[in-house]
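I have placed the structure first, in the form of structure tokens, so that the comments after it can refer back to it.
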Amino acid sequence: MKTTGNTILITGGGSGIGEALAQRFHDAGNTVIIAGRRLDALEAACAGRENMHAITLDVESAEGVAAFAAQVVERFPALNVLVNNAGIMRYERIDRARDLADAEATITTNLLGPIRLIDGLVDHLAAKGDGVIVNVTSGLAFVPLPGTPTYNATKAAIHSYTVALREMLRGRVEVIELAPPAVQTDLTPGQRTREGYQPLGEFADEVMALFAQTPTPEEVLVERVKPLRFAEVQGNLAQAMGNLMAVTRKMFEQLGL
């Protein structure tokens, strides 16, 4: 993936990882379009930045995603990079019957959203000659956090989808997976200042350095995520699961779940 001269669409670009990467890609000389539900947040992320644009997107509607994809291609025919970053993460107790609304919303946003948007843009990206799809997953795709089971499952599914997509598009569209570790963002309550999580700026800088490598890695993995990504192959899965179960107990206690 070239690092400059692109037209890049980033979903979930109004905050957190999406905003940080959008601004760094913009600083590197790319036209950047950010999409999300809240126009005020998107416009704040774009403030003072020429060639950075905000468009609202509601991934809960299949028809809305299709219309959004058509709108983006019409407004920005040079679009050649899609970054599927939008996602939600909810703590859930799956050891008892519960309201499944959070689980269903997570599946819609984290799994159906990227699948729908890829479907809406894949023909356009394949025709560009330098098209790229970046799917943002998580270290929890490889070692699940017991307290966020549906989130983990959607990220594992997107990992698998990305592997298949890469093979199907090989030679036509470059397909990259970005798997973050725990990063200081507003993804969950209190996460922005949570001790032990990677600072957002540090994470974004490390990611940009990996994107600048030639060739770009098929999996963009900062150092902090590698213990999760390779836990099973290194024989550390049980220990990693134990650590994440301890995190779950602490979070359930703090949240009163």
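Only the coordinates and a few stated rules stand behind these numbers; no lab work does. Computed from a predicted model, the values in this text were never measured in an experiment. Ideal geometry is used to build each Cβ from the backbone, glycine not excepted, and the neighbour counts take in all protein chains shown.
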*Rounded to the nearest 500 deg cm²/dmol, what is the calculated helix-only ellipticity per residue at 222 nm for the chain, with -39500 (n - 2.57) per DSSP H run of length n ≥ 4?*
-14000 deg cm²/dmol
*Among 149-161, 190-202, how do they line up from the highest to the lowest mean number of other beta-carbon atoms within 10 Å?*
149-161, 190-202
*Just subtract the alpha-carbon distance of Ser160 and Thr56 from 0.36 nm times their residue separation and send over the number in nm, one decimal.*
34.7 nm
*At a Förster radius of 51 Å, what calculated FRET efficiency corresponds to the Cβ-Cβ distance of Thr214 and Arg96, to the nearest 0.05?*
0.50
*asked:* Output wanted: per-residue J couplings in Hz (rounded whole) for segment 133-144, from phi through Karplus 6.51 cos²θ - 1.76 cosθ + 1.60, θ = phi - 60°, x for Gly and Pro.
replied: 10, 10, 9, 8, 10, 5, x, 6, 5, 10, 9, x
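Contact order normalised by length for segment 7-255, with contacts defined as Cα pairs under 8 Å and 6 or more residues apart; what percent is it?
Computed value for segment 7-255: 17 percent relative contact order.
In the calculated pair distance distribution of segment 7-255, what percentage of Cα-Cα distances lie above 27 Å?
The answer is 33 percent, as a whole percent.
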